[in-house]
């Protein structure tokens, strides 16, 4: 009963930020934004179309399914990403055990080589399957890895500046986030390099609500130096679908759980 009560309260918080008390500190805002962006429901499923474009407008496309399970509310999580298109990346699988107190565990299965590759903590901010998204973008960055400052509050956004606690582990010097005051979804993030230039931008292009959870349905990462970009379009989004724990094991790297990868119509 206690666990059910906590889950219900958590769901109400996620669905009703407009009625919640306005947070008073940067850390509180970041904590709520982290919940809104990554903790909708106890688990979730979506299909994703990724469009990678270079500065000349040439495109590559990827399609994959993302499965997510929360180990505990606002705590550790598990992610499984299984690629279906095109043929050269079909059955590539990415598995994440996300931890709130230490580095995440990440594995990538490459079917062409029949190879399971461990993604080291030092590689988390490198390209995810050739896209402008990074491995870290899939499961999110731990709030404790940065210091946070509220620099402005507008009618629509909380604007925060973040500085890495350990600058040697990342390629950016700082970043600024625009967080929607109603949904608490981060709507734009600008990354600045050591020279003071904004070189990378993450932005939300569309949001819809599913099961009471405001959810990003289109996002974009832009490399402002090269001119390239990657769009991600999310569809067949569902929460609280009952994905079992054994889906998120190393066994699923070579044998993906097909029953959870198929979109089910009601």
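Tally up the residues in the stretch 36-66 that are closer than 20 Å to residue 220 by Cα and within 15 Å of the chain's Cα centre (by Cα), please.
Total satisfying the criteria: 12.
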First in the stretch 177-199 and on the phi > 0 side of the Ramachandran plot, second anywhere and modelled with pLDDT under 95 and surrounded by 14 or more Cβ atoms within 10 Å (Cβ to Cβ), Cβ under 7 Å, 6 or more apart: 184/17
Members of the stretch 96-105 found to be buried (at least 21 other Cβ atoms within 10 Å of the Cβ), over 13 Å from the mean Cα position of the chain (by Cα) and part of a strand (DSSP E or B), listed by number: none
I'd like to check something: does the stretch 110-130 contain any residue that is at negative phi, out of contact with any helix residue (DSSP H, G or I) (no Cβ under 8 Å at 6 or more places or on another chain), surrounded by 15 or more Cβ atoms within 10 Å (Cβ to Cβ) and in a strand (DSSP E or B)? no
Would the stretch 64-87 turn up any residue that is at pLDDT 95 or above, assigned to a strand (DSSP E or B) and closer than 16 Å to residue 121 by Cα? no
Apart from one, (1) within 17 Å of the chain's Cα centre (by Cα); (2) under 24 Å from residue 35 (Cβ atoms) all hold for residue 222; the odd one out is (2)
Against the conditions (1) in contact (Cβ under 8 Å) with a residue 12 or more places away in the chain; (2) part of a loop (DSSP other than H, G, I, E, B); (3) under 30 Å from residue 235 (Cβ atoms), where does residue 216 fall short? Just the number, please. (2)
Limited to the stretch 91-105, what total is found for residues that are under 19 Å from residue 37 (Cβ atoms) and touching a helix residue (DSSP H, G or I) at 6+ places or on another chain (Cβ under 6 Å)? 2
When the residues of the stretch 150-172 are filtered to those that are touching a helix residue (DSSP H, G or I) at 6+ places or on another chain (Cβ under 7 Å) and more than 20 Å from residue 36 (Cβ to Cβ), which remaining residue is surrounded by the most Cβ atoms within 10 Å (Cβ to Cβ)? 164
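The values are calculated or read from the model by the stated rules, or taken from the named source; none is laboratory data. Remember, it's a predicted structure, so these values are computed and weren't measured experimentally. With ideal geometry, Cβ positions are generated from the backbone for all residues, glycine too; neighbour counts draw on all protein chains shown.
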